[in-house]
Each structure stands twice: as structure tokens, then as C-alpha cells.
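Presented below is the structure to which this report refers.
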Amino acid sequence: MSAVFPTVREVLALDPVRHGAPRVVAGDDGLDRPVRWVHVAEVPDIATLLGGGELVLTTGIGLPADDAGLRAFIGDLADVGVSGLVVELGRRYLSGVPRVMAAAADRRGLPLVELRRATPVVRITEAVHALIVDAQLTVLRATEEIHQRFNDLSVEGADTAEVIRQAAELSGCPVVLENLSRQVLGYDPAGESAELLLDGWEQHSRRIRPAGRTAYDLDSGWLVTTVGARGQDWGRLLLRWPASGDVPSAQAGEPTAGPPTRLTILIERAASTLALGRLIRRDAEGLERQIHRTLLTALLDHSRPVDEVGLRAKALGVVLDRRHLVGVMVRHRADDAAGEVGPEAAQARLRDLAEAVGQAVREAKLTALTSAVDDYSVGALLALPDPAAEDRALSAFASALHRVRLDAGTGRASTAGVDPARGAGPAAVIVAAGSGVGSLREARRSLVEARQIAEAARRDRRDLPIFRLPHVGLAGLLHLLRDEPRLQTFVERELGTLLEYDARHPREQLLDTLRAYLEQGRNKSAAAAVAHLSRPAFYERLARIARILDVDLDSVEAALSLHVALLALEAVRAP
């Protein structure tokens, strides 16, 4: 965004001024001062009538004749903060301004410009004032765009990352959102180095102390506003201006050097949009948990570069680099608990489990990213100091999770080894851990393995505090291979004709009959009872299955192959 007022340099580039053959004789360093107005003066005490920011035009006919008077005249203009002095030659000064005037202006850093050709002053004032008005209209349009953009974001319910991105895009400056503990909740570097932006953020942020709810910290170059609503502040939104990080010094006549007013408007509108969004989502996950979910999901689906995930996690207080990482998945054995119907109940149960996992991580004094990662599972990526701490950390986490769920009233059945969704059997919650890895680039493998183990363990009747890959046996292996085309081809080869038959005869479902037979160890009487069929009816169905598949169901080898295919089919179909 351009400044509200044109600079002295821009004024000198205007055609009416260029017609006067301008030449800068002093104060080159001040040519980027803003020009708030153009004032024509022919009296030596004009400074008393000025307010700062004016470009003074004069022919010099009324200026003092002595050196001391000229120095005082230049000093008074510099003290009041004028942008520059333009002297038209020809009436008082023929070949150039006095050297004492140029020396005084140079000493005070005041731009002094000679017009070596006669120029109608009115053309200069009209051109400059038109430029100022145009700039102000541009600012008004930009301000309107800011309001419209953030109004749209509020209506659309945009997430935190999108609000921050829009703020950075509109300002062209890096933007950071932090909580009250100075942990980064989101950021956009606006094309700069994110690593440099966030390096040592907490210490850097604590040195940024603006005076007021929205203010510019001149020492650090950050424009800061508080984020919150209804008297409950929960963070700060910071915008670095200028984007380069080189804080400009205050010019004479300006109270402080700071960002344009529209940037203040922008950051306040962005903060109000973030606060409104948080109020709307007050019953959903906390903002930190949303960031955790974004990062875990990014690792699972490769939606963000691994280095960016590590950087954002570090800014959130979770260091993943140079750590031993272990993926953990926690889920209920049954997808729908007894008495719960509809998606809202399922989501509420998942949120409760996510909160329990997060609290267990804190109680076990572990460092981890934790969040729900799908409709059934809560994931955690534990960051441990070394591999030797893995078993101890997992045991501490499992114990803490058990206590947390018990205290919350959701784990009472677990202490008795009863699954409330089944009425009997192992505990309702499964904790699965993948193999530990030594780098963030391998973290996805550990998380995916933990998810597959958790899915496979749902069929395991044992009540283990933590399931690892060796615990899930063949079912676990098949879940690890479920995306393998050769496994899917094997399933189709073994069961394809039976699946096609069931598709044409939905009331019979012979696949369930085959499953009962194999799960009961080929004991036909026991399988008939489980299938709630008479033995003759069950035997007839088995004979039909044998004809459809063209196999001998009494053959141990054939039965084993079909059983493996059934387990593989369940693995392929699992969500």
C-alpha cells in the first residue's frame, strides 16, 4: 500500500515542477518526507503559521538579507517540521540560493530545492493537491476493501489460517497470531523466511510492549493489537512494518514513525474477525487443538512440507526436530457407543476422547501433538528425548489416560474390563502405538502404523494397555497390507464369486455363513448356533457356498485360504 501523502521526491517529478528545472542543493536524505500540503510564503516568520508536513514555495523576496537571519529562517522551518523548501530563482536570487542557506538546510536535513526557471505557482499547488486527494481516495478505497474482505471472511466462517493469510496479502507484511503465553497459533511470512520470522519467537515477543490495545512498537517495528471479545482476551495479532524489518526513524514534525492508518484498520479488522470466529466456534475445539489437528493431518496426507510442520509445531511449543517420535492412536472399540445416535453424539464422544488424550499427555509430562485425525480416532505424535524413553513414556501415557477417563466418568466400565458398547469383554478404548522413528520425515509411517494397529485390535479380545504391531498378528499384517493391489486381487480371487452371489441375493448373505463356519473352527453345530440357523439349513448353505466357490470346505488348506481372504476383506473395507 502506498503512503497517504506524496513525498518531496514525487512532487519534484510532477510536470509543473519539472518545467521549473528543479535542482536539489541540500537535504537529499529528506526527499522521502511526505508532503501534506503546499504553502506559498514570502515572509520570514512563516513558521509560526505552519503545522508540519508542508512544502514551502518562495521567491525569497521577503527573506532576511543577513546570514544569521537566513540561518534562523531555515532553523524555524526545520523545527516546525516542514517537508522541504523550494526557492524560485530570478527575483531575489539570480544564479542560486545563498551558500549559508544551503549549508543550514543541509545541516538540519531539510530538502532545499532551486527552481531555475520561472513557473506559475498555481500549477504546482494544483498538481500537488490533486496528487494528495488522489492518494487519499486510494486510501479510502483500500480501507473499504479491508472492511469488505473481512466482512466476507466473517460471514463465510473462514478459519484462522485464511484470516491471517488475507491480512498478510492486503498489507504485504508478515503477520503472526499468538496466544497469551506467546506461543504462535498461526502466521504468514508474506514471502519472507518463516524460519527467521519465528526463530526465538517467545523471547522476541515478550520484548514487544506497545502502549495501548492497538499500537505500534517503534523499537521492534511491530504493529500489535489484542485479540478477544466480551472482556476475554486470548491473544495478540502482530504485523511487522515495514516488511523488511528495517524500522524507519521518525521524521521532523512527525510524533513517531509508524505504519499508515489503514494498516491499523486492517489489523484491528483482522483481530475482530478472529475473535468473532472463536466465539462462533466456542463449543468446538480450542484454537491450539485446531492447529494440532492441522499439523497431524498434514503429516498423514502430505498436505504441507515436513519442514513447515516442524517449524509450526516448534512455534506452538512442541519441538519435533531431533527427537524420537512415536505415533499413537486412541479409539473406541465400537464406532457407535450404546445409546448414541446421530453424528452430533458421535462428534461429542470424539471431542471428549480428544480432551482426555490431551490431558493424559500433560499429566504424563510428555510433549506431543494431539488431536482427532478422523471420525473415529484421536492421534498423538509423542516427541521423546531418546529411544530409551519410549516404553516408559507409552506406559505413563496409557496409565494417565486410564485415570483421566475414570475421573471424567467415561472410564468406569474400563476398570472392570467391560465395554459399555458391548456389555462385556475388553476395555472400551484401544491405545495403539506405531514403531518409533528418528526423524520427522518418518513420522507418517509411525502414525499410519498406529492407526492400522488400532483398527486391527478392535477384533482382539485381550485387554492390553497398549497394542503394538506384534500383538495384532495376522489381522494386523493384513491391515498393514490393505492398500496392496496383490492382496486385493487375492481377496477377489478367493471370494469374488461369493460376493457377487450375495449382491444378487441380498437376503441370504452367504458370506456371513462362511464367516461363522470359519470363526468356529469349522465346527458346523457351533457355527449353526451362532448363525441362528437349524443344522440342516446351515449344512445346505455350506454346500451351496462350496459349489459357488468350487472348493472343499472340509479341506484345512482351503479353509485357511478362505479365512485369510475374509480377514483381508475386512481390512480392505475398514474405514
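In table form, for the structure just shown:
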{"item": "Loop trypsin sites (Lys or Arg not before Pro), segment 125-207 (other Cβ atoms within 10 Å of the site Cβ: 11 or fewer; DSSP)", "result": "ARG207"}
{"item": "Gain in span if fully extended, ASP307 to LEU474, counting 0.36 nm per residue against the direct Cα distance", "result": "56.6 nm"}
{"item": "Contour minus Cα-Cα distance for GLU363 and SER395 (0.36 nm per residue)", "result": "10.3 nm"}
{"item": "Integer Hz, Karplus 6.51/-1.76/1.60 couplings in order for segment 174-189, x for Gly and Pro", "result": "x, 10, 10, 10, 10, 8, 6, 8, 6, 9, 6, 9, x, 6, 9, x"}
{"item": "Of the trypsin sites (Lys or Arg not before Pro) in segment 462-510, those whose Cβ has at most 13 other Cβ within 10 Å and which sit in DSSP loop", "result": "ARG462, ARG507"}
{"item": "Relative contact order computed over segment 162-215 (Cα-Cα under 8 Å; 6+ residues apart), in percent", "result": "27"}
{"item": "Coil-residue trypsin sites (Lys or Arg not before Pro) of segment 1-95, DSSP, other Cβ within 10 Å capped at 13", "result": "ARG91"}
{"item": "Residue-normalised accessible area of segment 92-145, given per residue in Å² at a 1.4 Å probe", "result": "56"}
{"item": "Using a Förster distance of 51 Å, the FRET efficiency for ALA558-GLU442 (Cβ separation, nearest 0.05)", "result": "0.80"}
{"item": "Charged-residue dipole, Cβ positions (Lys, Arg, Asp, Glu), the chain about Cα centre, Debye nearest 20", "result": "980"}
{"item": "Rg/Rg_ref, the chain, where Rg_ref = 2.2 N^0.38 Å and atoms are Cα", "result": "1.51"}
{"item": "Accessible area of the chain belonging to carbon and sulfur atoms, whole % at 1.4 Å probe", "result": "50"}
{"item": "Backbone N under 18 Å from the GLU500 label point (7 Å along Cα→Cβ), restricted to segment 549-571", "result": "549-551"}
{"item": "Where segment 14-75 is the region considered: accessible area per residue in Å², 1.4 Å probe", "result": "46"}
{"item": "Extension gain from THR48 to ARG91, taking 0.36 nm per residue of separation minus the Cα-Cα distance", "result": "13.0 nm"}
{"item": "Dipole of the chain, positive end: most advanced residue of PRO22, LEU63, TRP241 [Cβ charges, Cα centre]", "result": "TRP241"}
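The values are calculated or read from the model by the stated rules, or taken from the named source; none is laboratory data. Just so we're clear, the structure is a prediction, and the values are computed from it rather than from any experiment. We place every Cβ from the backbone using ideal geometry, glycine too, and count neighbours over all the protein chains shown. Just the protein is used for accessible areas: all its heavy atoms, side chains included, with ligands, DNA and RNA removed. Shrake-Rupley method; radii C 1.70, N 1.55, O 1.52, S 1.80 Å.
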